[in-house]
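Shown next, in structure tokens, is the structure this report addresses.
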Amino acid sequence: MELAFPPFPSLLPKSHHLQPQPPSRSRPGRLQEPVMALAQAPPPWLALSLDEARSVHVPHHARPVQETRARPHASAARREPRFVSETKLITFHSSAGRLGAARKVFDGMGHRDLLAWSAMIGAYATRGIFDEVLALAVSMIREGVLPDRFLITRILQACAYAEDQRLGSVLHSMAIRRGFMGRVKDVPVGNSVLVMYVKCGELGRARAVFDKMRRRDLGTWNSMIFGCCRSCEWDEARRLLDDMRREGTEPGVVTWNTLISSYARSGDLDVAVDLLGQMEECGVEPDVVTWTSLVSGFVHSDRGDEALQWFIRMRVAGVEPNGMTIACAISACASLKLLRQGSELHCHAIKIGAVNNVLSGNSLVDMYAKCGEIVAAYRIFNEIPDKDIFSWNSMIAGYAQAGYCGKAYEFFCKMESYGIQRNVITWNTMISGYIRNGDDERAFELFQTMESYGMKKDTASWNILIAGSVHNGYFDRALRIFRQMQSVLIKPDYITILSIIPAFANLVAAWKVREIHACIFHHNLEMDGKIANALINAYSKSGDLAGACAVFDRHSSRNTISWNCIIVAHLLHGSPTKVVDYFFKMKQQGVLPDHATLTAVIKAYGMEGMVSEGREVFLNMDKDYNVTPDLDHYAAMVDLLGRSGRLQEAYALIDEMPLTPNLTLWESLLTSARMHGNVRLALLAATEMSMIEPNDPIIQVVVSNLQDLAGKSFDVPKVTVHGKERMFGGVESCSTEIRNMVYLFSTGDKVASEDVAAELKLMMVQTGLSMLSAGNGALEVEEEKEEVAGLHCEKLAIIAGISNSPPFRSIRIIKTARMCNHCHTFAKLVSEKYGRQILIKDPKYLHKFENGNCSCEDYW
DNA sequence: CTAGGGTTAG
């Protein structure tokens, strides 16, 4: 046999291979001894190559052996190659990237001393394979070999990474017993113990170690500050910042970055920005990490526009972004759906060579997908060399969002054969994709089967079903899922609550709003602005204005949205005076009104008949609040003018406005024309509506009825009228809750018993309302005449409510079509004679009947 | 030997 060992072709510089081997060094006889016959035994020129390889990174603790005794050892190796060279070989293989080979040598060793363990553990540690480090450390200690001060820090690093506090504390006490702690030169050991406790979340123990350290370096302070930030001990972190300066250690970039990134990630962006200023004042230049922390903080807080501003500020400061920065900025574009800026960043990523980087690649996939560029997303995805779970999940989400659930499912299925294990998010993404595309069946099927694939459902899986059901209008299904979730002991979280609240925002769910409100406290969930606002909405829409006010009064950080919620609530409940009050209070507290606020205020002035005040707001909104009037404002103005009978003015406003009128706008005009009996204008408005929505049968009927009323002399385009059966899509119905049961009533339902008929007769007598008179003689065109269809459903519901629910309880009815005049009068009279509050919600208004009056002031 | 920035679902 010429050559006992393969010449390790790629491991050494070429010159070594080409160098003729000195005959004296090849001693095949010795090399073929059993121990050395291990496939990976050292080649004869090893000693030489190791000397050469000193420039290669070698773990620190192994270095003294090489450096101090390289020469004598090298010669010893030739005489006694077994023992010494095995450890060296481990180091050699490892530094050349052959971890498996190193491990083989290590496993084959008979006796393993500290140096061998250090070499092996170091090899894994430098590659971040911490599980292996921990496993080896445990066996080492079991074999009775104790780590020295160098090795112990490496193992502690692994403990910190894996959050293995048990082994960590063992090493901590070992370090104390062996005298590695407390002396000046032991700062590194102390640091690594400190970091271990910090990463394990044991801030108290970390603090104890910190306090005992005699000497501290910058890293010590940084680690301790990091620990405090992690545990949200912000005051303590700031105190440490002061302390370190007092003790003569100036905070460095990392110190500042730790604080800035922690504040930014926790959403305290003002503080983060303030710290940036302090940092610059101290003469420390912000680096990529600083800027990236800010950009990512703003992205995280859903403030993408500001994130991009900070990105620009960074470029102005002359700091070059790296892959991470670009990834964050692209993610900002994704959430803002800024395709152009996103593509610009794409170019930038190419320029700095970060496109093939998984990180920026993934955010590009996400960005293109969110901007609807699914082909571009796939192109990027395809070119990411090491696709990870994020790449696949983003791609699946992209296809699902674009409506290609089949394609998404294809990727969902094939990813595992590409070596990427699906995680919960993959499953959740797929489920949410199906539910968002209306395929509830497949969504539920996946939801049910995921556990049999060994994937545990998490809160998000449940949240998706709840949010999807609410979004698709299946409120009771959402509630059922919510209950089921609790019965299998999955705790609802912030998102669960936020998703389910809208399901209760209707009149029949009044008690459920209180229940969910209590649920927040029961589960100790964060009650933030979003939840508070959702609650205000839900309380007000379920008819509980007092409940809405209570939430509003209690919640501290009110923004424009909060004020809008309470303002709209009062508008809905017919308290226009309060709307104006809140409007002034809001401005007084320095909260800027937005377009929604102004719409509500104009409507409120309209309800109060304060035409000139309303008009003033409308005319000056651009100047005063920097809000350009949109269609909603024009509709509110038409409403305001129409209520006071200024129909021509209302029409002129529509005629002269710079926007194209929409359905709501014409509907407002139609309503005012109807209320004031102006057939001509009503027909005009209805005709315009029919041209916008030519296929809406209800509009067709309205037009047809108005044409009849206006007489044949009036020249209008002839509109085909659909059959009346189709007009209501069956029968108009409404629901109400009586003694915790929800009942459904349909127009024309047979009056079931003699009792009810008698009750109705009695009510009629009591209220003095005749069955046939329609009240104020206004145009009745929006619903079928009662004589034809039978008794209207809300009358049935009112009768049932009055005779079956406890006295003084309010009667709450939700209906799908708008109220007719007769029912409206009936409800007013009943509310007075029977002393009951009656709430009836139709698609446009909430009518609150009390003491013979309605909150809509008979204009709806 | 120790310290800082990251992308996906609801």
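The values are calculated or read from the model by the stated rules, or taken from the named source; none is laboratory data. What you see is a predicted model, and the numbers here were worked out from it, not measured in a lab. Here the Cβ is made from the backbone with ideal geometry for all residues, glycine too, and neighbour counts use every protein chain on show. The protein model used for the area step is the full one, side chains on, heavy atoms only, and it has no ligands, DNA or RNA in it. Shrake-Rupley method; radii C 1.70, N 1.55, O 1.52, S 1.80 Å.
Where only protein heavy atoms count, and the probe is 1.4 Å, what is the accessible area per residue for the range A:389-446 in Å²?
Value returned for the range A:389-446: 46 Å² of accessible area per residue.
Treat each spin label as a single point 7 Å out from the Cα along the C-beta direction, and report the A:ASP305 to A:LYS491 distance in nm.
Going by the 7 Å Cα→Cβ label model, 3.7 nm.
Out of the total accessible area of the range A:389-446 (probe 1.4 Å, heavy atoms of protein only), what percent is carbon and sulfur?
The nonpolar share, carbon plus sulfur, comes to 51 percent.
Set the Förster radius R0 to 56 Å, insert the Cβ-Cβ distance between A:GLU693 and A:ASP386 as r into 1/(1 + (r/R0)^6), and round the FRET efficiency to 0.05.
Step by step, r from the Cβ atoms, then E = 0.60.
I need the peptides A:182-191, A:581-590 ranked by packing, meaning the mean over residues of other C-beta atoms within 10 angstrom, with the highest value on top.
A:182-191, A:581-590
Where the accessible area of the range A:500-651 is counted over protein heavy atoms with a 1.4 Å probe, how much of it, in %, is carbon and sulfur?
51 percent
May I ask you to list the lysines whose Cα is less than 26 Å away from that of A:LYS833, ignoring any residue fewer than eight positions away on the same chain?
The qualifying lysines are A:LYS541, A:LYS750, A:LYS761, A:LYS785, A:LYS795, A:LYS815, A:LYS841, A:LYS848.
Classify the range A:456-524: rounded, prolate or oblate, from the alpha-carbon gyration tensor (a ≥ b ≥ c, eigenvalue square roots; a/c under 1.5 rounded; otherwise prolate if a/b is larger than b/c)?
Oblate is the answer for the range A:456-524, as a/c is 1.5 or above yet b/c matches or exceeds a/b.
Which lysines have a Cα less than 27 Å from the Cα of A:LYS212, not counting those fewer than 8 places away in the same chain?
Of all the lysines, those that pass the test against A:LYS212 - Cα under 27 Å, at least 8 places apart if same chain - are A:LYS185, A:LYS199.
In whole Å and largest first, what semi-axes does the C-alpha gyration tensor of the range A:389-446 yield when each eigenvalue is scaled by 5 and square-rooted?
Semi-axis lengths for the range A:389-446 are 18, 11, 9 Å.
If each residue of separation counts as 0.36 nm, what is the full-extension length gain between A:LYS337 and A:ARG238 once their alpha-carbon separation is subtracted?
31.9 nm
With every protein chain kept in place and ligands, DNA and RNA left out, what is the accessible area per residue of the range A:599-717? Probe 1.4 Å, answer in Å².
45 Å²
Cβ neighbours within 10 Å, averaged per peptide: list A:478-485, A:493-500 in order, most packed at the top.
A:493-500, A:478-485
Give me the percent of accessible area attributable to carbon and sulfur for the range A:284-335, probe 1.4 angstrom.
Ligands and nucleic acids excluded, carbon and sulfur reach 55 percent.
Given R₀ = 45 Å, FRET efficiency for A:GLN448-A:VAL288 by Cβ-Cβ distance, to 0.05?
Rounded to the nearest 0.05, the efficiency is 0.45.
Just to confirm the filter: which trypsin sites (Lys or Arg not before Pro) across the range A:318-382 are DSSP coil and have at most 13 other Cβ within 10 angstrom of their Cβ?
Hits after loop and neighbour filter: A:LYS337.
With only Lys, Arg, Asp and Glu charged, each at its Cβ (+1 for the first two, -1 for the last two), find how big the charge dipole of the range A:458-557 is about the Cα centre; round to the nearest 20 debye.
Rounded to the nearest 20 debye, it is 240 debye.
Given points 7 Å out from each Cα along the Cα-Cβ axis, report the A:ASP581 to A:ASP553 separation in nanometres with one decimal.
Simple spin-label model gives 1.1 nm for this pair.
Taking only protein heavy atoms into account and a 1.4 Å probe, give the accessible area per residue of the range A:154-193 in Å².
Here the residues of the range A:154-193 average 48 Å² of exposed surface.
Mind checking which aspartates and glutamates have their C-alpha under 14 Å from A:LYS530, skipping anything on the same chain fewer than 8 residues away?
Output for A:LYS530: A:ASP302, A:ASP493.
Quick one: if you stick a label point 7 Å off each Cα along the C-beta vector at A:ASN524 and A:TYR625, how many nm between them?
The two pseudo-label positions are separated by 4.1 nm.
What residues from the range A:127-150 fall in the zone where the backbone N is under 17 Å from a label point 7 Å along the Cα-to-C-beta line of A:MET174?
A:130-150
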